[in-house]
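J.: I have a structure here, written as structure tokens, and I will follow up with some questions on it.
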Amino acid sequence: MTDNEKMDLRSMDIVEEKREKLKELFPEVFTEGQKIDFERLKLTLGEAVDVGKERYGMNWPGKADCFKIIQQPSIATLTPAREESVNFDETENLFIEGDNLEVLKLLQKSYFGKIKMIYIDPPYNTGNDFIYPDNYSESLDTYLRYTGQIDDEGRKYSTNTEADGRFHSKWMNMMYPRLFLARNLLRDEGVIFVSIDDNEMNNLHKICDEIFGADNFVATFIWEKRTNRENRKVVSLRHDYIICYSKIRNNETKALRQQPMSEKALANYKNPDNFCLIRPCFHLK
């Protein structure tokens, strides 16, 4: 009898996966020691390489650490909770409880490039949301005790307030690895929807532009979160946003943006005064 084959319990090595894809496209840029020769890669790509020091992009404190978090493998294990489940062996549905970043890493092996659609509703960073550090040495019970309490090592976890010098940076450092790993799970024709409000709408858009590519932006949907009448002399904040990106640009996502409105949809818009937005609003004398 031969020994049972040992399974690798670590999550997928993101760096190695990217290296293998690069090797498929540009085998000539790998050295004898299987290192990447970036000078040779520049020559291969020619004018497509931007070697300037100044370029358009987004940067913030802690961004470099985001890639370390992405590359750090997880050694956690998903364990079935049969006593809390319904038809565990027959159902095709799956509900996972745990830290979302660690779960995203664990899903990389089994669901890499297989998911059609992802929807996430992250903290909006309103000043009351808790933005926690990505430290997996703690147990799940510790995560459940985060808000306003102190752990065994005397560290206090609190909300991310606007008085913090890195109010927006902390939120972006939390979002970047999760969105990066979520993209890996999408199929080529897959899409992701992310809910957000005005607090981080601009930053979320730029992060997604970088991770998914600005060309893969599909649309911003306006979600009316309140329908009560607001009779006041200030701007009404009755809506939030849901932004949508596709993994790659394809005919289906292009059609979503280019589809003309139907006659039925146009009939919902009224203009009884025949008011034209381009009509001059002032006169020269």
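J.: State whether one or more residues within the stretch 115-134 are modelled with pLDDT of 90 or more, in a helix (DSSP H, G or I) and under 26 Å from CYS244 (Cα atoms).
T.: No, every residue in the stretch 115-134 fails to be modelled with pLDDT of 90 or more, in a helix (DSSP H, G or I) and under 26 Å from CYS244 (Cα atoms).
J.: Please go through the stretch 104-114 and pick out each residue that is hydrophobic (A, V, I, L, M, F, W, C) and crowded, with 17+ Cβ neighbours inside 10 Å.
T.: To start, the set of residues in the stretch 104-114 that are hydrophobic (A, V, I, L, M, F, W, C) comprises 104, 106-107, 112.
Correct list: LEU104, LEU106, LEU107.
J.: Please verify whether the stretch 89-100 includes one or more residues that are more than 20 Å from the chain's Cα centre (by Cα) and either β-branched (Val, Ile, Thr) or surrounded by 10 or more Cβ atoms within 10 Å (Cβ to Cβ) (or both).
T.: Looking through the stretch 89-100, at least one residue is more than 20 Å from the chain's Cα centre (by Cα) and either β-branched (Val, Ile, Thr) or surrounded by 10 or more Cβ atoms within 10 Å (Cβ to Cβ) (or both).
J.: Can you confirm whether the stretch 147-159 contains a residue that is β-branched (Val, Ile, Thr), surrounded by fewer than 17 Cβ atoms within 10 Å (Cβ to Cβ), closer than 29 Å to THR79 by Cα and at pLDDT below 90?
T.: Scanning the stretch 147-159, I find at least one residue that is β-branched (Val, Ile, Thr), surrounded by fewer than 17 Cβ atoms within 10 Å (Cβ to Cβ), closer than 29 Å to THR79 by Cα and at pLDDT below 90, so the answer is yes.
J.: Identify the residue in the stretch 57-88 that is touching a residue at least 24 places away in the same chain (Cβ under 8 Å) and of a type in the set (A, V, I, L, M) and, among all such residues, is farthest from PHE167 (Cα to Cα).
T.: It comes out as LEU78.
J.: Looking at GLU92, GLU102 in this structure, which one is in a loop (DSSP other than H, G, I, E, B), at pLDDT below 90 and not polar (S, T, N, Q)?
T.: After ruling out the rest, the residue left standing is GLU92.
J.: Do you know which residues across the stretch 13-67 are in a strand (DSSP E or B) and closer than 30 Å to MET175 by Cα?
T.: Within the stretch 13-67, just ILE36 meets the criteria.
The values are calculated or read from the model by the stated rules, or taken from the named source; none is laboratory data. Bear in mind the structure is a predicted one, so any value in this text is a computation, not a measurement. Backbone-built Cβ (ideal geometry, glycine too); neighbour counts: all protein chains shown.
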